[in-house]
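Here the structure is laid out as structure tokens; the discussion comes afterwards.
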Amino acid sequence: MSTDDKPELPTEAELAGMSRDDLVKLGGKLDGVELVEYPNPWPVKGTRAEKRAERAVAFWFVLSALAGLAFIGVFIFWPAKYEAPRFDGVFQAYYWYTPLLGATLGLAILAVGVGVLLYVRKFIPHELAVQNRHDGGSSELDKKTIVAHLADSGERSTIVRRSLITRSIGAGAGVLGLGLGVFTLGALLRNPHARSDSADGLWHTGWLNEPGNDEKVFLRRDTGDAEEIVLVKPEDLDAGAMETVFPFRESERGDHAKLSAALLRADNPVMLIRLRPEDGARVIKHKGQEDFNYGDFYAYTKICSHLGCPTSLFEQRTNRILCPCHQSQFNALEYAKPIFGPATRKLAQLPIDVDPATGVFYAKSDFIEPVGPAFWERKS
């Protein structure tokens, strides 16, 4: 488009007095825009087809609002505390908590997306325009005309006069936003230090006895059957071997729920390592933890101090404990000190001994430091 084709620019007074339609026409001319097609999707107002399309769009936004409310309800009220699995056909709500969260949130997001796409397809004019490109920034005149274009597009989309759609989209988007806010802030509603002195606090694990309970906490292996109790003895491990062990108390025997919970609790797994005699002679112990081992047997948490992955690999020849997630490596001969990878803290060591009456391993106490990754209040 040549410069001779450009319309005469209005004065500031004329610009201030222009209507939106005038600004739309002027903006198109200034930008060199030619509307080849700009059909009205509903030239006849109020037809049955138009009302059906409007109800279809509103349906998806209302569905999004209902799904969002369901998500909030599940997040707040659905049982989320672990329950041991049952095999007698009784419904257990706990196992549906995560699937319901995913299903309701996914449906809320999907419904908003479908509603927006359906509205664009049914009510937004499908224009075909040709525009010449130009360089440089936008002038004040361009800014005003583009605002007028946007407002005109909104009016032509008929969104203003469709109260059913505007209310439903407001409900859908609003509830979805509320649901995301509840999901984001929900974890902050529970004080992680409300029971800091108990096994449920960040500072302790399931190896801690509740106040007043002085029974020994033995080391048991997981055989795949929570009811089968197999305690670990020193002769069960060959030199250079490693086994994952879990806490067990005699008071829990026969209690399926407690036995299952001990095996499934995230901070309970411990690596029991038996070093070779020649390696045991080279061990460097951490200050204050010189008596935490039993001979060549050392017990370290299986929770990586980087991001909490299971440090489930033990390399016998190098005496390295390996985390497969981010390749952190810990030296078992030097109090599980990190020697490679992103981890910066040693693995917590569990103090162990052998019960003289039964000959099986037991924990002398809980870990004396938190296991796993750092948190705000942790200073080491």
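The values are calculated or read from the model by the stated rules, or taken from the named source; none is laboratory data. Every value quoted in this text rests on a predicted model; they were computed, and no experiment measured them. All Cβ positions, glycine included, derive from the backbone under ideal geometry; neighbour counts span all protein chains shown.
A few notes on this one:
- Subset tally (residues that are free of Cβ contacts under 8 Å to residues at least 40 places away in the same chain, under 12 Å from Leu259 (Cα atoms) and not in a strand (DSSP E or B)) for the stretch 224-248: 5
Let's see how each residue does on (1) modelled with pLDDT under 90; (2) out of contact with any helix residue (DSSP H, G or I) (no Cβ under 7 Å at 6 or more places or on another chain); (3) within 22 Å of Pro370 (Cα to Cα); (4) not assigned by TED's automatic domain parsing to the domain that holds Leu101:
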{"residue": "Leu180", "(1), (2), (3), (4)": "yes, yes, no, no"}
{"residue": "Ala194", "(1), (2), (3), (4)": "yes, yes, yes, yes"}
{"residue": "His204", "(1), (2), (3), (4)": "yes, yes, yes, yes"}
{"residue": "Ala226", "(1), (2), (3), (4)": "yes, no, no, yes"}
{"residue": "Ile229", "(1), (2), (3), (4)": "no, yes, no, yes"}
{"residue": "Lys233", "(1), (2), (3), (4)": "no, yes, no, yes"}
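- The conditions of being surrounded by 13 or more Cβ atoms within 10 Å (Cβ to Cβ) and touching a strand residue (DSSP E or B) at 6+ places or on another chain (Cβ under 9 Å) are not met by Lys258.
- Top-ranked residue of the stretch 15-24 - restricted to ones that are charged (D, E, K, R) and at pLDDT 75 or above, ranked as nearest to the chain's Cα centre (by Cα): Arg20
- The stretch 93-135, residues that are of a type in the set (Ser, Thr, Tyr) and touching a Leu at 6+ places or on another chain (Cβ under 9 Å): Thr104
- Residue among Ala67, Ala103 that is without any contact (Cβ under 8 Å) to a residue 12 or more places away in the chain and surrounded by 15 or more Cβ atoms within 10 Å (Cβ to Cβ): Ala103
- Set Gly27, Gly32, Gly73: member being out of contact with any Ser or Thr (no Cβ under 9 Å at 6 or more places or on another chain), in the same structural domain as Val120 (by TED's automatic domain parsing) and farther than 15 Å from Val114 by Cα: Gly32
- Residues of the stretch 269-322 satisfying the condition of being polar (S, T, N, Q), in a loop (DSSP other than H, G, I, E, B) and either on the phi > 0 side of the Ramachandran plot or in contact (Cβ under 8 Å) with a residue 24 or more places away in the chain (or both): Gln289, Asn293, Ser305, Thr311, Ser312, Gln316, Asn319
- The residue list Val90, Val36 contains one member that is modelled with pLDDT under 80, loosely packed, with under 12 Cβ neighbours inside 10 Å and within 30 Å of the chain's Cα centre (by Cα), which is Val90.
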